[in-house]
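Accompanying notes for the structure given below.
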Amino acid sequence: QVQLIESGGGLVQAGGSLRLSCAASGRTFSNYAMGWFRQAPGKEREFVAAISWSDNTKYYTDAVKGRFAISRDNAKNTVYLQMNSLKPEDTAVYYCAGRPGKLTVLQSMYDYWGQGTQVTVSS
């Protein structure tokens, strides 16, 4: 069992930066692929970024490429999402998710989810 707790959300002006953190409990975190997803008001939850357990492979949705960076520190059981050049359309609740084994962008394949953290970007 893995529990995920996100932090780092908040209100920021367009062009600003935030770093989200996702702290995981459980001893097998290092074997988990981790992902970030987001859900904007009135929209379905969508994929943002994901990282393999070994940190060798990273995926991003096109909308955030070049602006967001996912990373992980297995010693700290934490995955990060550095968000730069934020835009109002990045406003959403951001969720961290994890699954054992192979990396995927499909949210239906993730077994564990955090409670979400709100990111609001003002214009």
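The values are calculated or read from the model by the stated rules, or taken from the named source; none is laboratory data. These numbers were taken from a predicted model, which means no experiment stands behind them. Note that we place each Cβ from the backbone using ideal geometry, even for glycine, and neighbour counts take in every protein chain shown. For accessibility, only protein heavy atoms count, side chains too; no ligands or nucleic acids. Shrake-Rupley method; radii C 1.70, N 1.55, O 1.52, S 1.80 Å.
Carbon-plus-sulfur accessible fraction, the range 1-92 (probe radius 1.4 Å, protein heavy atoms only): 44%. Averaged over its residues, the chain has an accessible area of 51 Å² per residue, based on protein heavy atoms and a 1.4 Å probe.
Taking 1.002 mPa s as the viscosity and 20 °C as the temperature, the Stokes-Einstein diffusion coefficient of the chain based on its alpha-carbon Kirkwood radius rounds to 152 µm²/s.
Sequentially through the range 85-100, phi angles give Karplus couplings (6.51, -1.76, 1.60; θ = phi - 60°) of 6, 5, 10, x, 6, 7, 4, 4, 8, 9, 10, 9, 9, x, 8, x Hz, Gly and Pro residues having no value and appearing as x. Between the alpha-carbon centres of the range 60-80 and the range 1-55 there is a gap of 8 Å. Database remark: amide H of TYR110 closer than 5 angstrom to no amide H (H placed geometrically; neighbours at sequence offset of 5 or more, or on other chains; Pro and chain starts carry no H). Each Lys and Arg Cβ is given +1 and each Asp and Glu Cβ -1; about its Cα centre, the chain then shows a dipole of about 180 debye. Listed by chain and number, the lysines placed with their C-alpha closer than 21 angstrom to that of LYS43 are LYS65, LYS87; residues fewer than eight positions away on the same chain are left out.
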